[in-house]
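A short worksheet on the structure shown next.
The values are calculated or read from the model by the stated rules, or taken from the named source; none is laboratory data. Quick caveat: nothing in here was measured; it's all calculated off a predicted structure. Glycine gets a Cβ as well: all are built from the backbone with ideal geometry, and neighbour counts include every protein chain shown.
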């Protein structure tokens, strides 16, 4: 199997060099771009398997690049991990709602970043390797989830979710009424020992609820425990 290619879009040359070095040590091919415009051009040339995208870019910022990338049907499922120095919930949620699969807040550990990239690559490299069966349709209240098509509809209106949001929703819909802790959700969706905080799960749930509109109210918070989808 050929090694995966990671596109790094980062304007700081020192950070870009450090990222390229650490990712190459993990065995991946690395393509670099110093701004958003060059990053989009590199997409067509390199056909990367994952994009590491800085949010604060000169000119066309990272969220604009993400929006343009997700508008292309051929690249809609290309995993994108945001790298940002801005840790406020609003900034993180904005990226997730545009379709980012994950995010890391600077400064971050190269090992943590590598783990997140490996998880993103696993999710897209082998659809049959998803943690849930991909041969069934789930329906609950106004929600309809088609695992095989990777499609979610609310009252027959299609809703665009990131891969992580889709996986969380599918996990909850397979056991309506059951309460799951944040750790259980992380283990089911990302795999055991995945380096992510409970707060990251909260942010993903918040983004998922917003995208689902009124149906987002079906995802209930159980204080001190975790989340469930209403039976």
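Below, the figures for the structure above:
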item: Some residue of the range 162-173 being in a loop (DSSP other than H, G, I, E, B) and surrounded by 15 or more Cβ atoms within 10 Å (Cβ to Cβ); result: yes
item: Residue match in the range 67-82 (condition: under 24 Å from residue 201 (Cβ atoms) and in a helix (DSSP H, G or I)); result: yes
item: Test: residue in the range 12-32 that is on the phi > 0 side of the Ramachandran plot and touching a helix residue (DSSP H, G or I) at 6+ places or on another chain (Cβ under 7 Å); result: no
item: Condition broken by residue 69, with the remaining ones in (1) surrounded by fewer than 18 Cβ atoms within 10 Å (Cβ to Cβ); (2) closer than 24 Å to residue 150 by Cα; (3) at pLDDT 85 or above satisfied; result: (1)
item: Flag if residue 95 is assigned to a helix (DSSP H, G or I), within 11 Å of the chain's Cα centre (by Cα) and not assigned by TED's automatic domain parsing to the domain that holds residue 160; result: yes
